[in-house]
Each structure stands twice: as C-alpha cells, then as structure tokens.
C-alpha cells in the first residue's frame, strides 16, 4: 500500500509536469522546474546514492534543477551538510468501503472550473501553505485534466479553504493540497473538505483514498479512519554550500 500512496503523488506531479511542458526525466530522478511557481517545483522519484546526490547538487547550483527534493523514507539524505531538512509527512490510506455513510456533501464547496476560480484557488492555497502557487498552472490543470479535480471552500463569497482529488492510473483517489486560510482555521473546514473529497472518490468508484499528512492534518485523517503506512521527507538544497 505504501508504494501505491507514493506513486499517486509522483503520478500527479508527473502529469502536471507533462501538461505544462516543465518535466525532465532521467534514469535516477525526475524533476519539474516551474519557474515562478513553487508548486510542484521539485525533484522526486529520486535515488539517494552518493553519485546521484552529487550530480543533483551541482545541477541545482547551476540553476539546472529545482532546489526542493521529496523522497521516501528511509533514505541517505539525512545529515548531508548541503541539504536542509524541511518536513516529514505520513503516507496514509483509507479503504473507502469503511467510510461512514453519515458524511454528507457541503454547499460551501465548489469545483474550480473558470479562470477566476483558478485565481481564487491559487491565492487560497498560497496563503494556506506559505508558498507560491501560480494561478495559470491551476487553470491549465482545470482546462486539460479530468482526473485532477480542484475545489474551494467559500463562505460569504470569500474563499477560505481548498483541496484536490487526483484519480491515478490504479483509480486510487489521492487527496492533495487540503488547506485552510489562517482566518478560517478552527471551523472544521479541513474536515469538511476531506469528507467532500471522500464522497467524490466513492462516486468515482475508487477503492482506496490515499494522502500525505502533515503533523497538523494527521489527527483529522486518523479520526476518519486513515491508516499510516510509511513516510516521505522533503529537503532543500543549500546552494551556497554546494561543492
């Protein structure tokens, strides 16, 4: 199951990279260089042997590769003086047959379908997570993909939350970028968005729902029945310390 969870994330990034023509695939890593957008600007599907690490460090120093690496745990990156640890996330999955029938849809949540919606999503996600998400990347996804669905939570015509469900080649439903603006926190918006996306997943006849939980989000997903299977880590390359 852990492999399926990680593959959902990598497949999402790869599809966006292909869609935006920003992807580069090598034998030992894949990268997406998005320019103005911090998402999904990173290196992934990465072999952490010393030769590949050295190559990536030099490419990043020359601005030929992104500075963010996401990699499964365990790996050989911990303690490398050229890398800064950013975060760890739990790989979690839920058998959708076990989802409570009591969860219901929410009229405050709408699917992103227009350029204006895309701007609202990008602004909400950027403020929720603290990094830049380009609205043009979001709008390109909206226009060109049926298996990546984006949603915003609105209250009094103000966007307060966001979320993505991605149906991969195994029809696993991956939940991504579930976030809430600081002013909207404490209202259960993250839980409402998660439950809404679970309904989307069930209607799409997915068997499993998968995600990568932050420390803040993990308790919400655990209460909904998600189980932990492994972890991924994110590192930042310290360019001024590259050899």
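Remarks
- Residue with peak Gaussian network fluctuation, the chain [Cα springs, cutoff 10 Å], from 174, 35, 225: 35
- Fewest-first sequence of 36, 95 by Cβ atoms within 10 Å of each Cβ: 36, 95
- Angstrom value of the Kirkwood radius, inverse mean 1/r, which spans all Cα pairs in the chain: 18.5 Å
- Among 203, 123, 231: highest mean-square fluctuation, GNM of the chain, C-alpha pairs under 10 Å: 203
- When 58, 212 are sorted by how many other C-beta atoms sit within 10 angstrom of their C-beta, beginning with the fewest, the order is 58, 212.
- In degrees, nearest ten, helix 50-61 long axis to first principal axis of the chain (Cα): 80 degrees
- Of the residues 46, 166, 208, the one with the fewest other Cβ atoms within 10 Å heads the list, and the complete ranking is 208, 46, 166.
- Choice from 87, 216, 177 showing the highest fluctuation, given a GNM over the chain with Cα pairs closer than 10 Å: 216
- Rg to Rh quotient for the range 59-131, alpha carbon positions, Kirkwood Rh: 1.11
- Degrees between helix 2-19 axis and first principal axis of the chain (Cα, 0 to 90, nearest 10): 80 degrees
- MRE, 222 nm, helices only [DSSP H, n ≥ 4, -39500 (n - 2.57), over the chain, to nearest 500]: -10000 deg cm²/dmol
- Based on the Kirkwood approach, the hydrodynamic radius assigned to the range 93-229 is 15.0 Å, with every pair of different Cα atoms included.
All of the numbers you see were taken from the coordinates with simple rules; none came from a lab. These numbers come from a predicted model, not from an experiment. Every residue, glycine among them, receives a Cβ derived from its backbone with ideal geometry; neighbour counts consider all protein chains shown.
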